[in-house]
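Peer 1: Below you'll find the structure I mean.
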Amino acid sequence: MPLRPIVTLPDEKTLREVSKPVATVDSDVKKLWDDMLETMYRAPGIGLAAIQVGVPRRLIVIDLAKDGEEKKPLFVANPEVTWASEAQSDYEEGCLSIPEYYEMVTRPAEIKVRYLDRQGEAMELHATGLMATCLQHEIDHLNGVLFIDHISRLKRERVLKKFQKAQKLGKL
Ligand code: ZN
């Protein structure tokens, strides 16, 4: 399973793209999922959307297993949030496309998501806790939204500038 390069800021052109649904879960989709999973494990991270490896398809991989625990990959295609709780929760989020930057983000504490699984079957997941946050973060990616869009404009502009500057200095 080849690793794929992860798209990072300041490449907003790619990261702001809205991804398209997959028609079916075929062998190409499974291969991409496998590459994404390997890339995510290697980074390491707990979630990755296809656009983060430059492919504008509505595909996500997530694995919340901790170090030393058995891996539990979740493969998600064409996710749709069908319900979100009024109750909110705060998590300190990070993103493989915004390396070494973490900030508190408030989102619905629980959601229900309809999606296609690795067998192409329609599934519905009631997600709570970290899984709810992670799914919302990854689904945002499919819509060209980054977690820094949920923080103050001042902080967002500061982090964008930091990455633009790093690129100019050849540090990316
Ligand atoms: Zn992310």
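Peer 1: Calculate, for the chain, the solvent-accessible area per residue in square angstrom, rolling a 1.4 angstrom probe over the heavy atoms of the protein chains.
Peer 2: Heavy-atom accessible area per residue stands at 56 Å².
Peer 1: Just how much of Glu157 is accessible, in Å², when a 1.4 Å probe is used and the result is rounded to the nearest 10?
Peer 2: Accessible area, nearest 10 Å²: 90 Å².
Peer 1: Mind checking which of Pro5, Thr24, Met123 is farthest towards the positive end of the chain's charge dipole, using Cβ charges of +1 (Lys, Arg) and -1 (Asp, Glu) about the Cα centre?
Peer 2: Pro5
Peer 1: Leaving ligands, DNA and RNA out of it, report the carbon-plus-sulfur percent of the accessible area of the chain at a 1.4 Å probe.
Peer 2: Of the solvent-accessible surface of the chain, carbon and sulfur hold 50 percent.
Peer 1: In debye, nearest 20, what is the charge dipole magnitude of the chain about its Cα centre with +1 on Lys and Arg Cβ and -1 on Asp and Glu Cβ, if you could check?
Peer 2: The dipole magnitude comes to about 840 debye.
Peer 1: By how many nm would the segment from Arg156 to Ser85 grow when fully extended, if each residue of separation counts as 0.36 nm and the alpha-carbon distance is taken off?
Peer 2: 23.0 nm
Peer 1: By how many nm would the segment from Glu38 to Arg16 lengthen if fully extended, with 0.36 nm per residue of separation less the alpha-carbon distance?
Peer 2: Between Glu38 and Arg16, full extension yields 5.6 nm more.
The values are calculated or read from the model by the stated rules, or taken from the named source; none is laboratory data. In this text, all values refer to a predicted model and were calculated from it rather than measured experimentally. So basically every Cβ, Gly included, is an ideal-geometry build from the backbone, and we count neighbours across all protein chains shown. Quick note on the areas: whole protein, heavy atoms, side chains included, nothing else; ligands and nucleic acids left out. Shrake-Rupley method; radii C 1.70, N 1.55, O 1.52, S 1.80 Å.
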